[in-house]
2 protein chains.
Amino acid sequence: MNIGMIRAAAERLRGHVRETPLLSSPFLDEIAGRRVLVKAECLQHTGSFKYRGGRSAVSALVARGDVTGVLAFSSGNHAQGVARAAAEFRLPAVIVMPSDAPAIKVENTRALGAEVVSYDRARESREEIGRRLAEERGLTLIKPYDEPEVIAGQGTTGLEIARQAREAGVEVADVLVCCGGGGLSSGIAMACEAEAPGLRVRTVEPEGLDDVARSLDAGRIVGNAAAQGSICDAILTPEPGELTFPILSRLAGPGLAVSDDEAMRAMAAAFERLRIVLEPGGAVALAAALFHPDAVEGEAVIAVASGGNVDRDLYIRALGGSPG
Amino acid sequence: MNIGMIRAAAERLRGHVRETPLLSSPFLDEIAGRRVLVKAECLQHTGSFKYRGGRSAVSALVARGDVTGVLAFSSGNHAQGVARAAAEFRLPAVIVMPSDAPAIKVENTRALGAEVVSYDRARESREEIGRRLAEERGLTLIKPYDEPEVIAGQGTTGLEIARQAREAGVEVADVLVCCGGGGLSSGIAMACEAEAPGLRVRTVEPEGLDDVARSLDAGRIVGNAAAQGSICDAILTPEPGELTFPILSRLAGPGLAVSDDEAMRAMAAAFERLRIVLEPGGAVALAAALFHPDAVEGEAVIAVASGGNVDRDLYIRALGGSPG
């Protein structure tokens, strides 16, 4: 894994991935007590940054010429990213998704042309199911984060942040990143190391499921006790990846964690002040910026709003209403 | 009014106005039966395109050196655009707003540092109140649409659309624009005439309050019978402007109108498929693209999503929920 792979991914993604805006609002600055810049990856194709990694990995496989179909396991965002990328290259895609994944993510993945296989998040291993299906059908597995070309694709978000922050006059800041297995965080960290060394990545996770924060603190990979217990479905992973953890360990500051309630309040703030739709797992970084200002350093903070694939009922609740 | 004024406004706005993305979703393409590109001006500073016109007008006044404060009348979006622009130049701003303006727009206008004066939309004339206050306090009136530097500012949206559509491979298309007095529509029409002559502006208004469509049809300015009767508060105007109508008459295709229900459904589609928040008046162009496909020409359509300043309760209803 090196910055050259991220730059190569950016070349392959040019004209396909959307350059997402870095948004701001004086009202959010006031809540946080510092300037807040929000990287709106919810506006990416398929509604999350995951399309970057999906397209990066699929395009790298196609360039090597040895792929006839792909397989992924995902709670929904990686699923959609890989499904769209595979469809763009006219490759079949099979996606292994937990049975409790948000309905919109399952529907969208199917609508993008992929075959969805369900599993029980609490009792079955998605890795095992994925490996078996890949072998049976001759599909190439695209792992959600512990895969170099996926990390390289997610890292292109960091190349954009480095340039956009400079244009906004921000050279030194914490970059808060919603974190599951660490693909996005580690990719952004490497991009910033090379192109904006004053920007430091900080992972943000759900309280009680902050395996990355505890691993960073312990200096070794530590898993979560539970696999469930938060509405932030997009970023629930058992432990940091073998590839992503060493990168984060070298480059990231201490990890942060927020409550589900804070994630919901950040969704409401993003609605009202930025006019973007965030899902809970895509709102934790903004939640940390707004509601944990003492844990952040610097005069400005950058929060990556990583996804916006949220069911209507949950979104209505985040705005204080009742589903109809 | 000429393209040179729009280009000069773009120079003055550089680094202040946000270049908003042109979004898309295969799901929207499927509903519309053609490619749909959405210019997300809800992501503009203050949540609507109106900041462009406000900053253009205020910066032009400041450049002339003869302004000590500004006044505007507005249902809320022009109010916020002018308030923010005035604050950036440290000028006092007084805004005349209807008493039934959405609460969020009134609050935001005040929070941006402006003084808000209320009036009754059905019984009083905002133009009259505005003229009186301007005279009494020595303020310069910035009209919401019938003002060359405002039209020039809104027209910068069209310069971006012309370039972004070309990058997306779209040279010939209808450009649907949410239309009140015609400032945005006429500015975009002039920009497209100069830089993308295959793009044709079509105004979109609420059904029954489609003064611009009827005026275009009649070949002369025709007013609305009522001043109220739609949830699309941002685009309720009695008749097209004296400056904007001749431009639209020369350059625009036939006007379109949509129902409030269609605007609400377009808000829900933008939530689910684009992850952007639209207000009713900012959603009518997308509503026409999605639900009136037979009235649109060409293989692609561009819809300007002009604003996203919507109260939570109305938004929750658009998503099918009940306010809490």
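Only the coordinates and a few stated rules stand behind these numbers; no lab work does. Every value quoted in this text rests on a predicted model; they were computed, and no experiment measured them. Because the Cβ atoms are built from the backbone with ideal geometry, glycine has one as well, and the counts that use them run over all protein chains shown.
General observations
- Residue list for segment A:271-318, restricted to those being within 19 Å of B:Leu43 (Cα to Cα) and assigned to a loop (DSSP other than H, G, I, E, B): A:Leu274, A:Arg275, A:Val277, A:Leu278, A:Glu279, A:Ser306, A:Gly308, A:Asn309
- Applying the condition of being β-branched (Val, Ile, Thr) and in a loop (DSSP other than H, G, I, E, B) to segment B:14-37 and asking which residue is nearest to the other protein chains (Cβ to nearest Cβ) yields B:Thr20.
- Segment B:236-286, residues that are within 28 Å of B:Arg126 (Cβ to Cβ), among the β-branched types (Val, Ile, Thr) and touching a residue at least 60 places away in the same chain (Cβ under 8 Å): B:Thr237, B:Thr244, B:Ile247, B:Val277, B:Val284
- Restricted to strands (runs of 3 or more DSSP E) entirely inside segment B:68-123, those with at least 2 residues that are surrounded by fewer than 16 Cβ atoms within 10 Å (Cβ to Cβ) are B:115-119.
- Scanning segment A:42-56 turns up at least one residue that is in contact with a Lys or Arg (Cβ under 8 Å, 6 or more places away or on another chain), under 19 Å from A:Gly180 (Cα atoms) and not in a helix (DSSP H, G or I).
- Members of segment B:245-269 found to be of a type outside the set (A, V, I, L, M, F, W, C) and under 24 Å from B:Gly298 (Cβ atoms), listed by number: B:Ser249, B:Arg250, B:Gly253, B:Pro254, B:Gly255, B:Ser259, B:Glu262, B:Arg265
- Applying the criterion of being of a type in the set (Val, Ile, Thr) and in a loop (DSSP other than H, G, I, E, B) to the residues of segment A:172-226, the residue that is farthest from A:Ala252 (Cα to Cα) is A:Val222.
- The combined condition, being buried (at least 24 other Cβ atoms within 10 Å of the Cβ), under 17 Å from the mean Cα position of the chain (by Cα) and over 27 Å from B:Ala305 (Cα atoms), is not fulfilled by A:Ala303.
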